[in-house]
1. For the range 52-68, enumerate the residues that are modelled with pLDDT of 85 or more and surrounded by fewer than 17 Cβ atoms within 10 Å (Cβ to Cβ).
2. Taking the range 45-60 only, how many residues are part of a helix (DSSP H, G or I), closer than 14 Å to Leu88 by Cα and either in contact with a strand residue (DSSP E or B) (Cβ under 7 Å, 6 or more places away or on another chain) or not basic (Lys, Arg) (or both)?
3. Being modelled with pLDDT of 90 or more, at positive phi and out of contact with any strand residue (DSSP E or B) (no Cβ under 8 Å at 6 or more places or on another chain) is true for just one of Gly38, Gly42. Which residue is that?
4. Take the residues in the range 54-70 that are over 17 Å from Asn86 (Cβ atoms) and hydrophobic (A, V, I, L, M, F, W, C); name whichever of them is nearest to the chain's Cα centre (by Cα).
Amino acid sequence: MPIAIEKSSGCLSFVRRKGVRVPYTEAQLERMLMQFDGDRDGRLSKQDLTKALESLGSSFPAWRVWRALCHADEDGDGYISKDELNSLVKYIVKQGYDVSKWGGF
């Protein structure tokens, strides 16, 4: 599987290029992600994101959480708010996760 090096927004990323099947709309993915909001405050914490990425089968969820925050946490508060959720969805899809196999959905 080819690996590309990508630099954007001050973050360096090693991206595996692979096919993606996304049978869900972005709005559906946003709702699925918000199910991991453990304290129901309307934001996804690092712990919430770790659980979400683990459920997607991430081999290195802690590293992916850091990358996701780098891409989607626009205000830098360490959380993904509802306003930043769309950027998180785009990051997840870009990474090539097969969300059709997302556990529990």
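1. The answer is Glu54, Phe60, Ala62, Trp63, Trp66.
2. Number of matching residues: 5.
3. Gly42
4. Going residue by residue through the range 54-70, those that are over 17 Å from Asn86 (Cβ atoms) are 54-66.
Filter once more, so that each one left must be hydrophobic (A, V, I, L, M, F, W, C): 56, 60, 62-63, 65-66.
Details: Leu56: 9, Phe60: 12, Ala62: 11, Trp63: 11, Val65: 7, Trp66: 10 Å.
Checked the range 54-70; the qualifying residue nearest to the chain's Cα centre (by Cα) is Val65.
For every residue, the table says whether it meets (1) touching an Asp or Glu at 6+ places or on another chain (Cβ under 6 Å); (2) of a type outside the set (Asp, Glu); (3) at pLDDT 90 or above.
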{"position": "Gln28", "(1), (2), (3)": "no, yes, no"}
{"position": "Cys70", "(1), (2), (3)": "no, yes, yes"}
{"position": "Glu84", "(1), (2), (3)": "yes, no, yes"}
{"position": "Leu88", "(1), (2), (3)": "no, yes, yes"}
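The values are calculated or read from the model by the stated rules, or taken from the named source; none is laboratory data. Quick caveat: nothing in here was measured; it's all calculated off a predicted structure. For neighbour counting, all protein chains shown are included, and Cβ atoms are generated from backbone atoms with ideal geometry for every residue, glycine included.
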